[in-house]
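The values are calculated or read from the model by the stated rules, or taken from the named source; none is laboratory data. What you see is a predicted model; the values in this text were computed from it and never measured. Here the Cβ positions follow ideal geometry from the backbone for every residue, glycine too, while neighbour counts run over all protein chains shown.
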Amino acid sequence: MAYAYFAFLDVMGYRYYLKKDKNDGTELFKTKLISSYRVFENIEIATLHHKSISDSIFMSSANDAYNFLCATKQVFLSFLENGLFVRGGIAYNKHFETNHITYSLALTDAYNIESEQSIFPRILIDKAVIQKLQNEAEPPQNNQTLQQIIENKLLINCGSHYQLHILDDTNWDNTFEKARDMYTTYQADIDESPKLTAYHSWFQEYLFNFKPARNRKLRYIKQFELTD
């Protein structure tokens, strides 16, 4: 059976936004989804397959790990551009798919990473993905694809896994603005939920950990305040 890189992505807050549209008598969430999914029209990878069901996005590629990670980064940023967080997992394992059947250990691995370990608005990469690239060259550091991934700063160490790094100096300011706008727009509901507060606080810390030098942006979420 063939192997593939597989990304399982979850649109965070899907039911919340559907309910809000229903209560408000709008289709704002639908508009955001349509705009977010347009990113796939501009991704030029011949081997990339993708589809979505409800709040889940499935992406797979038989090869080309570097461009697959770049494409996944683009998807994350496209949803954020429209005020939506995604969370996900990326794996490398056996994968078989037709128009009617999907038999995929890669999908299962990616889903397990997303549902059990990603937790926050981020995309974790299974260590098997990196091990696969390392095993293709001797010594491992000679693998050109892996070096391309590292040189373009697409990886962050994250425990026994890796995290897809979606920030760079060209997108930091816009990513900050979109994350801040999302928080301020829904702050009343976020403040009522410790879980949602944790999601947004984590993303803020991620942002500021990689803030470009001389950038004067300030944190938009106050972590701890004494009661007056």
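Okay, residues lined up against (1) in contact (Cβ under 8 Å) with a residue 12 or more places away in the chain; (2) of a type in the set (Asp, Glu); (3) on the phi > 0 side of the Ramachandran plot:
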| position | (1), (2), (3) |
| --- | --- |
| THR102 | no, no, no |
| LEU107 | yes, no, no |
| ASN112 | yes, no, no |
| ASP126 | yes, yes, no |
| LEU133 | yes, no, no |
| PRO139 | no, no, no |
| GLN147 | no, no, no |
| LYS153 | yes, no, yes |
List pairs: first in segment 51-64 and aliphatic (A, V, I, L, M), second loosely packed, with under 14 Cβ neighbours inside 10 Å and not in a loop (DSSP other than H, G, I, E, B), Cβ under 9 Å, 6+ apart or cross-chain?
ILE57/LYS51; MET59/LYS51
Residues being farther than 24 Å from SER78 by Cβ and either of a type outside the set (Lys, Arg) or modelled with pLDDT under 90 (or both) - total across segment 116-131:
4
Is there a residue in segment 145-155 that is of a type in the set (S, T, N, Q) and exposed (fewer than 14 other Cβ atoms within 10 Å of the Cβ)?
no
For LEU133, only one of the following conditions fails: (1) closer than 27 Å to LEU80 by Cα; (2) buried (at least 16 other Cβ atoms within 10 Å of the Cβ). What is its number?
(1)
Name the one entry in ALA91, ALA2 that is at pLDDT below 95 and more than 23 Å from PHE176 (Cβ to Cβ).
ALA2
Counting just the residues of segment 26-36 that are assigned to a helix (DSSP H, G or I) and not charged (D, E, K, R), which one comes out nearest to ILE90 (Cα to Cα)?
SER36
Quick one: is LEU9 part of a helix (DSSP H, G or I) and in the same structural domain as ALA106 (by TED's automatic domain parsing)?
no
Quick one: which residue in THR227, THR175 is outside the structural domain of GLU151 (by TED's automatic domain parsing), of a type in the set (Val, Ile, Thr) and farther than 18 Å from PRO121 by Cα?
THR227
(1) over 15 Å from the mean Cα position of the chain (by Cα); (2) free of Cβ contacts under 8 Å to residues at least 40 places away in the same chain: which one isn't true of TYR162, the others all being true?
(1)
Sole exception among (1) assigned to a helix (DSSP H, G or I); (2) surrounded by fewer than 19 Cβ atoms within 10 Å (Cβ to Cβ) for ALA179, by number
(2)
From the set of residues in segment 37-73 that are of a type in the set (S, T, N, Q) and assigned to a helix (DSSP H, G or I), which is nearest to the chain's Cα centre (by Cα)?
THR72
Scan segment 39-59 and give yes if some residue there is farther than 26 Å from LYS127 by Cβ and either aromatic (Phe, Trp, Tyr) or buried (at least 19 other Cβ atoms within 10 Å of the Cβ) (or both), otherwise no.
yes
